[in-house]
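Reading through the structure tokens given below for one structure.
Throughout, read-outs are computed from the coordinates displayed, never taken from laboratory work. Computed from a predicted structure; not experimentally measured. We place every Cβ from the backbone using ideal geometry, glycine too, and count neighbours over all the protein chains shown.
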Amino acid sequence: LWVVGRRPDLLFVVPRPRRIVPWTAALRRMQRVTRWVDPTYLRNRLVCISLSQSSFIGEEFQTDPSGLPPVFPRDQCERWDVDALRGAAAQHPHQRGLWIFPGALSPDACADITSAVERLTGGHRVQGEQGVPVRAAAEKPPPAAPPAEEAAWEWLPYGHARWMVPLQPAGGVCDAFARGPLSELHSHGCTDARSWPSLGSLGCGGGEALRALEGLPASAMADGFRGRPPLFLQLQRLQRGASIGAHVDQHQQGGRAIMTAVVSGGGSDVRVGGVSFRVATGDVYALEGAARDSVDHEVKRETRSLAGAPPGGASMVTKHKA
């Protein structure tokens, strides 16, 4: 703006002539800005905000909200400083049943698991994409004779920017549980759990690391997991900017205790009831008792990364019986 006139009572303002910026200069400016903008993160973040009630997680988020625990606003949560707890598992002093074990997995173990998951999924193949068929649902009711165990399994899209792969525990899945509740598990396409790859059959260092991880809760979090064998396992991939909305896992299919290990990607923000905390690659957290049944929980993957980053952070979830 230019100020014209000398006497104070004669001051007035006229617009300064606009300088036309050549389109090439404007393009260079936009390119400098987009270097620091992650479009995948922004897209997923906006979509998940619009889906904040997470109707796509039908198994965990009941259709009738009257019986659900209250949703705690993030800005009113207690922030749990888990970095100060590295080296051992700890239970939250107020939210009973919420466990954290920062750095439970070494970088080498995480790398081995990541490689094993890539082999298991045939190089991160996705059902329904690029000619990969969608695995058929189990017969209803599933036959008494178990099907052959598969050696590989592709990712199944489940919700927005989220993919799942099921595994049998190392000791095999319970036949009655597989033919009953698990045959209605939509997050794995209602497939026959007896055909899922078995953790006991995975070789190399990744298989060994996953089997050690399967037994971790019973030893490191014995007060909450002793005597609770695993029912089944889930590999999950959540793309940066995406989230798993507030929910309480369904009791019949979701197990009575849940452990989650972050094996790649890291940088996720977790809220359990009125407690929030951040997890990174190698961290393990678990829910049992009041933290599993009496309050809701949600996960938001915060990591922003530039072009060429991996498609999503991966975690392993084990569901344990009562």
So for the stretch 166-227, using the alpha carbon gyration tensor with a ≥ b ≥ c as root eigenvalues (a/c under 1.5 gives rounded; past that, a/b versus b/c decides prolate or oblate), I'd call it oblate
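If R₀ is 25 angstrom, what is the calculated FRET efficiency for the pair ARG211 and ALA148, using the beta carbon separation as r and rounding to 0.05? Write out the running numbers ahead of the final one.
Values: r = 22 Å, r/R0 = 0.87.
Step by step, r from the Cβ atoms, then E = 0.70.
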Note down the net charge around LEU199, summing +1 for each Lys or Arg and -1 for each Asp or Glu among other residues with Cβ under 12 Å from its Cβ.
-2
Restricting things to alpha carbons, find the Rg to Rh ratio for the stretch 111-223 using the Kirkwood radius for Rh.
0.98
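Please list 200-206, 211-217, 81-87, 255-261 highest first by mean number of surrounding beta-carbon atoms within 10 Å per residue. Don't skip to the answer; put the middle values down first.
Values: 200-206: 15.1, 211-217: 18.6, 81-87: 12.3, 255-261: 23.7.
Final packing ranking: 255-261, 211-217, 200-206, 81-87.
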When a/c reaches 1.5 or more, the comparison of a/b and b/c decides; with that in mind, is the stretch 171-303 rounded, prolate or oblate per its Cα gyration tensor?
rounded
